[in-house]
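The block underneath contains the structure these notes are about, expressed in structure tokens.
Just so you know, all these numbers are worked out from the coordinates, no wet-lab data involved. These numbers were taken from a predicted model, which means no experiment stands behind them. With ideal geometry, Cβ positions are generated from the backbone for all residues, glycine too; neighbour counts draw on all protein chains shown.
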Amino acid sequence: MENTTVVRVKYKDQKKYVFSPTTFTFESFLECVARKFDLPTMDIKVFDESRTEVDQEAFAYLMKQPDVHVLEIDIPEEGTSEDSVSSGSLADAEASSGSDDTVILTPSPRQLKQGEERRLAQMVEDILKGSPGGDKIMNEYARTKYLSDSRRRDLVKILVAHMTNEHGTSPPRHVKEDYALGIISLFPYLADPRSKLGYEHYYNAEDGSGYLAWRIKTLQKEASEGRVKRPRPSQAGGPSVDRDPCKEGNWLSDERQCQEAIALMKHTADESVVKEKMRLTLVYRQKILRDTDKSTDILSIFPRFMDIPGLIEQDFALLFGDSTSAKLMEKWSTNIKPKVIAQSRGLTQTADLQDLIQNALATEVEEGWDSDMSSILLLVHLLPPSNPGRKRPGKISAHRACDHVVKFIKTGASIQGHLEGITQSVQPYLLAVGPKKSMIQSYFIVVDKQALPCKSSNSLAAFDELFKAHYVFSTTYCHELTNVFTFLQTTIYDIDVEITKVNPRVAELRARMLQ
């Protein structure tokens with residue numbers, strides 16, 4: 001009876017509930033009360049908390065309100081209105097010995113929630129209608145069902161200006177939550193369906209992040225030095241999480257058996273034997289990866305990663321299941337890629353960005369990366385590197401960040417020479433080999449200065465393996481690509497969605513893609 005209207009009636013120490021599957025009319029309410037207590041309908045009078053008599057029109061208005069209303073009924077022949085005492089709550093009504101006839105209208109929790117959302121949506125709408133530029137925000141959303149970056153910034157500026165004017169430069173947490181909820185209540189397609197509340201990218205009370213919080217911080221006059229900062233929770237999900245295979249299996253756990261399998265794999269030429277022994281030693285391999293003293297030797301312990309394609313794919317499928325493993329290949333071309341291209345048109349257009357958009361739309365490409373790789377690099381532009389902070393080197397451009405996804409060398413160039421040229425520790429990336437970028441013959445994943453062959457020369461499949469390599473080798477995402485990989489992790493692969501902290505820009509794009 002979630003949508004049932006419930007009325008509590010107390011009359012001469014009798015307590016009964018009257019309910020209707022639809023909202024009461026004044027007449028049906030009086031009839032229900034009369035039937036319950038065998039009273040003459042026309043002799044019942046209803047009063048509100050101010051002792052003003054409620055007629056049919058006023059009753060219809062009260063029934064539409066989201067808040068709990070306490071009404072008082074009088075039966076003239078039984079006593080005067082002074083014999084009844086109105087109360088502000090159910091507990092007060094029960095405690096009032098002088099109240100013989102008290103009616104409490106109790107909306108369901110869902111009605112209360114919907115009423116609060118309507119109130120906050122109306123608040124945001126009123127603020128926008130009363131602010132310069134607010135009509136452009138509402139018109140763009142009505143036309144596109146999302147807000148461009150510039151319109152979103154305008155929205156945040158308008159609301160924060162109103163918030164700080166009403167509540168000061170340090171508004172309470174509940175106020176910021178109200179404004180954030182008001183945004184997604186007025187603009188439901190801006191809600192992030194993968195987050196707990198849907199509005200964390202506008203305000204996340206757990207760590208004080210989000211667009212509203214960030215805007216407030218830029219307006220605060222006080223110096224940040226000397227303040228006691230609340231520690232922020234680190235990302236709990238992702239490649240470095242300790243995890244077991246998704247299904248039970250006859251994994252080798254005995255040290256001697258594992259060492260025998262490893263020795264056999266190093267010398268056999270039978271790839272089917274290698275793949276089976278790799279499957280059996282998955283749990284043992286995960287144990288090594290969790291040991292900081294041994295994890296750096298993983299490729300020397302299991303060197304067949306470096307000459308047999310498909311082992312990364314196999315480990316990932318064993319960890320997460322075949323359905324999760326197939327998600328990028330299933331979703332990208334038909335669902336995500338067209339939206340990435342469409343969203344990229346709203347960015348500031350540079351020559352590099354225009355080339356990527358043009359190539360992403362083409363069926364055949366003469367110069368530059370092919371269609372799939374171009375669309376992946378467009379995602380880097382949509383989710384550029386975040387500011388690393390004052391203690392780290394400066395923020396790099398999206399164009400430079402693309403170099404952390406894939407590097408190109410021409411056919412005939414020395415792959416070993418490329419590996420020897422790596423002068424610092426880097427996170428996994430793709431190495432594309434071919435006569436030109438649009439005609440790649442083979443892809444490799446570079447890990448620990450080693451080139452691991454990809455199973456396919458298809459650019460999307462190779463990038464799929466790159467993402468999976470992070471989990472197979474338990475390595476963190478490249479800092480410049482954290483936004484890109486957490487987007488893929490939580491939007492497409494659906495891994496650790498509930499426990500992974502994402503940048504508000506990631507949550508915003510995720511909302512656009514999933515609505």
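Structure notes:
- Potential lengthening between residue 257 and residue 135 on full extension [0.36 nm per residue; Cα-Cα distance subtracted]: 36.9 nm
- Among the listed pairs 410/437; 275/331; 196/331; 176/217; 327/449; 327/468, a Cα-Cα separation exceeding 18 Å is found for 275/331; 196/331; 327/449.
- Inter-probe distance in nm under a simple model that places probes 7 Å from Cα toward Cβ, at residue 415 and residue 403: 2.3 nm
- For residue 501, the residues whose modelled amide H falls within less than 5 Å of its own, excluding neighbours fewer than 5 places apart on the same chain, are 236, 237.
- Rounded to the nearest Hz, the phi-derived 3J(HN,Hα) couplings of segment 409-414 under the Karplus curve 6.51 cos²θ - 1.76 cosθ + 1.60 (θ = phi - 60°) are 9, 6, 4, x, 6, 7, where x marks glycine and proline.
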